[in-house]
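Working notes, structure below.
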Amino acid sequence: MKYMYSAEEILNWKKLQLVKGGRLTQLEWLLDIAGGIDWQNLQKLKIDPCFSVELNEPLEALTDIWDCYCEENVPLQYLVGRCPWRDFELEVSAAALIPRQETELLVDLALNRIDKTVIGHWSDLGTGSGAIAVALSRALPGWTGHAVDISQDALDLAERNLKRLSPNINWTLHSGSWWEPLKPWWGLLSLVIANPPYIPTELFSKLEPEVVDHEPRSALLGGIDGLDASREIIRDAKHCLSLGGLLCLEHHYDQSDRVLELLRANGLGDVEYASDLDGVRRFALAKRLN
Ligand code: GLN
């Protein structure tokens with residue numbers, strides 16, 4: 001079903017919504033993702049009063065979403081139930097973190113460093129919505145994939161995303177903590193990516209209310225210094241990676257030196273950092289060399 005609106009109706013609606021709170025970029029995200037008006041048509045509306053657009057949802061439905069976002073800080077992605085990420089759109093829910101833009105880069109950093117012609121096993125530790133697993137399975141269709149999470153609700157969500165976005169590809173979901181459920185594949189994993197919880201306890205309450213009030217704490221909190229999960233993953237990496245296998249981790253803005261040191265101290269080589277789109281050292285990469 002489509003709902004037709006004139007430019008004037010949409011522009012007036014936008015003004016009314018912004019009085020309630022929130023930012024223009026968020027409102028335009030809602031019009032795009034839930035309403036189906038892309039950026040180009042949004043610009044056209046602003047310059048051509050005779051222009052009219054078809055929406056996927058009536059404006060009343062978008063108003064309800066915006067009200068909930070403004071009044072209760074529920075992230076728009078959760079309210080809409082979808083989130084574009086890389087070249088696909090994921091189903092999202094409060095069972096897992098909303099996939100962040102910076103994490104898109106982690107997948108490219110990994111893919112640029114492996115020999116894609118050699119077939120192997122990849123793993124996404126702490127898969128959440130399955131974002132990284134979907135990206136890896138689509139980029140490496142001949143490989144065998146393993147998406148791990150300790151939360152059954154997250155695994156159910158990841159499964160729906162993998163089934164829809166990566167059908168007919170060899171991936172499996174595993175329930176458990178980090179490497180533990182992958183025991184049969186220890187020593188065979190050629191590419192392992194993780195975006196573990198890394199927010200230090202004390203910093204948590206200072207994050208945006210949308211994050212603090214609605215995203216799963218288990219996917220965010222990394223203990224006193226934020227590195228509990230990273231330490232666990234790095235501790236067993238040498239044992240679990242294949243010879244030459246690559247480990248890629250995301251971490252907080254000020255954890256680079258400590259994560260690189262942990263990688264070296266646990267016997268990994270070719271240790272390097274990479275920065276996110278803001279120039280912040282956000283990723284750590286290392287290989288099992290012996
Ligand atoms: N980047 C996320 C945030 O700042 C945290 C992700 C994580 O802990 N892995 O909200």
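Only counting other Cβ atoms within 10 Å, I'd like Cys68, Cys248 sorted with the fewest neighbours first.
So the ranking, lowest neighbour count to highest, is Cys68, Cys248.
From the residues Leu111, Ser6, Gly35, which one has its Cα farthest along the dipole of region 1-128 in the positive direction, the dipole being from +1 and -1 charges on Cβ of Lys/Arg and Asp/Glu about the Cα centre?
Looking along the dipole axis, the top candidate is Leu111.
Round to the nearest 0.05 the FRET efficiency obtained for Val118 and Tyr253 when R0 = 25 Å and r is the Cβ-Cβ distance. Walk me through the numbers before you get to the answer.
Values: r = 34 Å, r/R0 = 1.36.
The value I calculate is 0.15.
Return a whole-number percent for the relative contact order of region 120-206, with Cα pairs under 8 Å and 6 or more residues apart as the contact set. Write out the running numbers ahead of the final one.
Values: 152 pairs, mean separation 33.0, N = 87.
It rounds to 38 percent for region 120-206.
How would you rank Val92, Val211, Val192, going from fewest to most other Cβ atoms within 10 Å of each one's own Cβ? Spell out each step's value before the answer.
Details: Val92 24, Val211 17, Val192 27.
Placing the least packed residue first, the sequence is Val211, Val92, Val192.
Please turn the phi angles of region 130-136 into ³J(HN,Hα) values with the Karplus equation 6.51 cos²θ - 1.76 cosθ + 1.60 (θ = phi - 60°), one per residue in order, whole Hz, x for glycine and proline.
x, 3, 5, 4, 4, 4, 5
Under the definition of Cα pairs under 8 Å and six or more residues apart, what whole-number percent is the relative contact order of the chain? Don't skip to the answer; put the middle values down first.
Numbers: 545 pairs, mean separation 39.4, N = 290.
About 14 percent, as a whole number.
Let's see if you can work this out: charge +1 on each Lys and Arg Cβ, -1 on each Asp and Glu Cβ, no other charges. What is the dipole magnitude of the chain about its Cα centre, in debye to the nearest 20?
For this selection, approximately 960 debye.
If I model a spin label as a point 7 Å beyond the Cα along the Cα-Cβ vector, how far apart are those points for Ile150 and Asn168 in nm?
3.8 nm
Give the peptides 134-143, 108-117, 219-228, 267-276 in descending order of average Cβ contacts within 10 Å, highest first. Intermediate values should be presented prior to the final figure.
Values: 134-143: 20.6, 108-117: 14.3, 219-228: 18.4, 267-276: 16.0.
Highest mean packing first, the order is 134-143, 219-228, 267-276, 108-117.
Starting from the 7 Å offset along Cα-to-Cβ, what nm value, one decimal, do you get for the label separation of Ala139 and Leu16?
4.4 nm
Between region 139-205 and region 51-73, how many Å separate their Cα centres?
About 34 Å separates the Cα centre of region 139-205 from the one of region 51-73.
Please list, in chain and number order, the residues 5+ apart from Ser129 or on another chain whose amide H is under 5 Å from its amide H, with Hs placed from the backbone.
Leu97
For region 1-159, just the Cα atoms, rotate onto the principal axes and tell me the three extents in Å, largest first.
Here the Cα extents, ordered largest to smallest, are 56, 32, 28 Å.
What does the C-alpha gyration tensor say about the overall shape of region 54-96? Classify as rounded when a/c is under 1.5, otherwise prolate if a/b is larger than b/c, or oblate. List each step's numbers first, then the result.
On the way: a/c = 2.81, a/b = 1.23, b/c = 2.28.
Taking the square roots of the gyration eigenvalues as a ≥ b ≥ c, region 54-96 is oblate.
Going 7 Å from the Cα of Glu60 in the Cα-to-Cβ direction, what parts of region 74-95 have a backbone nitrogen less than 15 Å from that spot?
none
Could you tell me whether region 132-259 comes out rounded, prolate or oblate from its Cα gyration tensor? Rule is a ≥ b ≥ c as square roots of the eigenvalues, rounded for a/c under 1.5, then prolate if a/b exceeds b/c, otherwise oblate.
On the way: a/c = 2.11, a/b = 1.33, b/c = 1.58.
It is oblate, given that a/c is not under 1.5 and a/b is not larger than b/c.
Put one equal scatterer on each alpha carbon of the chain, apply the Debye formula with no solvent term, and list log10 I(q)/I(0) at q = 0.09, 0.11, 0.14, 0.15 1/Å to two decimals.
After summing over all Cα pairs, the log10 values are -0.49, -0.69, -1.01, -1.11.
Please give the residues of region 157-196, grouped as numeric ranges, whose backbone N is less than 15 Å from a label point set 7 Å along the Cα-to-Cβ vector of Phe88.
Those under the cut-off are 157-173.
Just to be sure I understand: of the beta bridges DSSP finds with both ends in the chain, what percent are antiparallel, rounded to 5? It would help to have the intermediate numbers written out before the result.
Details: 18 of 39 bridges.
The antiparallel proportion sits near 45 percent.
Only the coordinates and a few stated rules stand behind these numbers; no lab work does. The shown structure was predicted, so the numbers you read here are calculated from the model rather than taken from an experiment. When we count neighbours, we look across all protein chains shown, and the Cβ atoms used for this are built from the backbone with ideal geometry, even at glycine.
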